[in-house]
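The values are calculated or read from the model by the stated rules, or taken from the named source; none is laboratory data. None of these values were measured; they are calculated from a predicted model. In this analysis, Cβ positions are derived from the backbone assuming ideal geometry, glycine residues included, and neighbour counts consider all displayed protein chains.
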Amino acid sequence: MALVMVVKNTFVDIEEPLDSQAGRSRAQTLPCDFGSSLKEDFDEDCASTLGDISEVETMSCSSLPSVQPALTGQVWSLSQDAAGCREVQDALADETLSQEQKEALAGELHGHVLEAALCPYANFVVQKCIVELLPRATQFMVDEIPSEAVSSLAQSKFGCRVLQRLLERSASGRAERLVDAVLADLLSIAQSAFGNYVVQLLLDCPGVNAQQQLQLAQLLREKVGDLGTQDFGCIVLSAALAKFGAEDRQALVCAMLQEPCLLGQMACSRHGHKTVLAMLSLLAGDELEGAKAVLVSSNVAASKYGRAVVATLG
């Protein structure tokens with residue numbers, strides 16, 4: 001029976017049994033370096049194989065097929081519930097995904113932007129898209145919001161957030177139409193619990209051009225009597241006094257002083273008295289003395305907020 005002898009991990013077929021005379025004779029005639037030569041052949045084969053593997057491992061990633069995100073085709077459906085919208089947001093924040101892959105996920109919101117902006121869950125996905133992607137990739141979101149829907153969007157709990165993110169990220173005139181729509185209904189939006197945040201953003205937003213800034217300042221001066229009688233309107237006026245340049249700020253203060261009854265009313269309200277204090281800090285000389293006289297004569301000390309104002313008059 002033929003035997004198989006293993007020499008350095010290499011199988012050698014031995015036709016004759018080693019215990020036979022012929023077998024012993026053949027084994028004795030093998031060269032002494034036979035095992036080492038087999039080892040060298042084996043090592044060369046291994047080196048060749050490892051070299052091939054190395055080439056595969058170092059293959060350029062660009063030559064490999066692109067792996068699609070697991071949420072592909074499901075973005076809109078997932079965005080409409082609490083758990084799903086979180087999954088989509090996590091995917092958009094995933095640093096292992098390329099910008100192209102993230103843009104593809106965001107692209108699945110095409111045709112649903114307005115509905116998503118008003119959804120308690122999907123609005124977060126829209127905001128995440130705006131923050132994570134370049135403005136050019138989310139321009140379709142600006143384009144899908146009709147001008148006639150901007151006012152209601154700005155005054156809604158969820159829509160105001162989306163509108164703010166778009167205005168923050170849409171420089172170079174990309175969102176001029178949205179700004180124009182806000183200015184067209186400024187008073188209603190500024191007096192809204194949620195819309196006032198949108199108006200405050202416009203005060204120093206890169207997406208607002210110079211002409212729109214002038215229009216905004218003029219509208220606030222013209223509407224100061226209406227804004228000052230309402231809490232959220234007073235918040236907008238305070239923000240304007242803090243963010244406007246010196247010229248526009250002084251013009252707004254003058255507009256407030258031309259409404260003497262307004263000062264006393266504002267001084268007695270929660271948010272209005274802060275606006276009055278901000279205004280007083282910008283006055284000096286005769287204007288300051290005149291404002292003080294108006295406040296004292298208005299008996300604002302009857303209100304706890306008014307007393308806080310009176311305490312600063314000296």
Condition met for VAL300 (touching a Cys at 6+ places or on another chain (Cβ under 6 Å) and of a type in the set (Val, Ile, Thr)): yes
Restricting region 164-205 to residues that are among the small types (Gly, Ala, Ser) and part of a loop (DSSP other than H, G, I, E, B), the residue that is surrounded by the most Cβ atoms within 10 Å (Cβ to Cβ): ALA175
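Residue by residue, here is whether (1) at pLDDT below 95; (2) crowded, with 21+ Cβ neighbours inside 10 Å; (3) closer than 27 Å to ALA301 by Cα; (4) among the basic types (Lys, Arg) holds:
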position: GLY207; (1), (2), (3), (4): yes, yes, no, no
position: GLN215; (1), (2), (3), (4): no, no, no, no
position: THR229; (1), (2), (3), (4): yes, no, yes, no
position: CYS234; (1), (2), (3), (4): no, yes, yes, no
Check on PRO65, surrounded by 13 or more Cβ atoms within 10 Å (Cβ to Cβ) and at pLDDT below 95: no
So ALA181, is it small (Gly, Ala, Ser), modelled with pLDDT under 95 and touching a helix residue (DSSP H, G or I) at 6+ places or on another chain (Cβ under 6 Å): no
Complete set of residues in region 131-156 that are over 19 Å from VAL199 (Cβ atoms) and surrounded by fewer than 22 Cβ atoms within 10 Å (Cβ to Cβ): VAL131, GLU132, LEU133, LEU134, PRO135, ARG136, ALA137, GLN139, PHE140, ASP143, GLU144, PRO146
